[in-house]
Amino acid sequence: MALLTPEDLEDLLNKLNMNNNIIKEATGMDIAQMCEAVYGTTPSSQKVGIVPITSGNGIIGNFSASLLAITEYFGLEGFITEHPDITGYHQAVAGGADIILMADDHIFIAHNLRNGKIATNHVCTGVIYSEIASRYKHTDSKDVLVIGLGRVGYAGASHLVEKGFNVYACDPNTDFMNKAIEELGVKAYDVDKPRKFSMVFEATPNANTISEGMIAERCLVSTPGIPCALPDELVEKYDIDLVMEPLVIGVAAMLYSVF
Ligand code: 2YH
């Protein structure tokens with residue numbers, strides 16, 4: 001799984017505002033409304049404690065500060081603990097946190113200490129980005145393409161199947177492919193038999209995974225993947241509504257899922 005870099009997190013709220021405008025235009029809902037629709041929750045006055053974690057590759061510059069900015073963007077009070085790790089966790093609880101946010105290199109969680117709900121970034125990111133793709137207002141089709149069936153892609157594919165969409169999927173990993181076919185009933189998308197989609201949810205850590213044969217003339221591509229899955233020339237050639245943002249949308253979904 002790709003680790004975020006401090007550069008990915010620069011200018012985060014500006015990127016959020018740009019993406020929020022695209023989401024509103026493409027679906028009629030903004031990101032907060034989208035989260036409310038999926039999780040049936042709204043923020044109240046939860047206090048969010050953010051604990052930096054030093055294990056593995058260590059603390060990522062801008063990460064905790066970005067989580068605090070996101071917390072405040074959604075109208076909540078938050079604080080970053082002075083110490084990391086276990087001492088930081090103790091400080092978060094002692095400081096009255098209702099929700100704890102913390103991430104190591106493998107998993108990023110939100111845990112609501114009051115109601116016991118716990119959420120992971122990979123599941124929430126898959127759910128919210130696939131939800132965005134599924135709400136594209138410029139199509140009546142129920143066909144959606146999922147590219148990448150790792151933890152994020154699988155969660156999104158599962159969400160789309162539950163919503164009654166016809167899910168086509170591709171992943172070069174045959175184990176991932178077979179698992180999604182057997183467990184979710186997705187259809188394998190054959191890259192050698194191009195078929196164009198108006199709704200694409202992409203969840204890989206690779207560039208250029210979207211080819212011309214996959215996308216319809218006016219389409220929505222929803223992707224949390226870094227780097228961007230769409231080659232620049234395709235963005236220019238097709239009239240594509242591209243939702244792509246490194247952190248905020250997934251964290252918003254995590255918070256709403258534990259409210
Ligand atoms: O970015 C990550 C991992 N890719 C897990 C994300 C799961 N979708 N982790 C962030 C690590 C943050 C670091 N430990 C810190 O600054 O606290």
Can we say Gly88 is free of Cβ contacts under 8 Å to residues at least 60 places away in the same chain, within 16 Å of the ligand (Cβ to nearest atom) and not in a loop (DSSP other than H, G, I, E, B)?
-> yes
Region 207-234, residues that are farther than 24 Å from Asp192 by Cβ and over 18 Å from the mean Cα position of the chain (by Cα) | Arg218, Asp232
Out of Val146, Val161, report the one residue that is touching a strand residue (DSSP E or B) at 6+ places or on another chain (Cβ under 8 Å), part of a strand (DSSP E or B) and not assigned by TED's automatic domain parsing to the domain that holds Asp30.
-> Val146
For region 91-126, what are the residues that are part of a loop (DSSP other than H, G, I, E, B) and near the ligand (Cβ under 9 Å from one of its atoms)?
-> Asp104, Asp105, His106, Ile107
Return the total of residues in region 167-207 being closer than 16 Å to Ala157 by Cβ and assigned to a strand (DSSP E or B).
-> 11
Of all residues in region 81-116 being among the polar types (S, T, N, Q) and closer than 19 Å to Gly56 by Cβ, the one that is most open to solvent (accessible area, probe 1.4 Å) = Thr87
Yes/no for Thr204 being under 30 Å from Lys117 (Cβ atoms) and among the polar types (S, T, N, Q) = yes
When region 203-259 is examined, which residues are found to be open to solvent by 10 Å² or more (accessible area, probe 1.4 Å), among the hydroxyl-bearing types (Ser, Thr, Tyr) and in contact with a strand residue (DSSP E or B) (Cβ under 9 Å, 6 or more places away or on another chain)?
-> Thr204, Thr209, Tyr238, Ser257
Residue check: is Met199 farther than 28 Å from Leu3 by Cβ and not β-branched (Val, Ile, Thr)?
-> yes
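The values are calculated or read from the model by the stated rules, or taken from the named source; none is laboratory data. Because the structure is a prediction, the values reported are computed rather than measured. Every residue, glycine as well, gets a Cβ built from its backbone with ideal geometry; the counts of neighbours run over all protein chains shown. Side chains included, ligands, DNA and RNA excluded: accessible areas come from the protein's heavy atoms. Shrake-Rupley method; radii C 1.70, N 1.55, O 1.52, S 1.80 Å.
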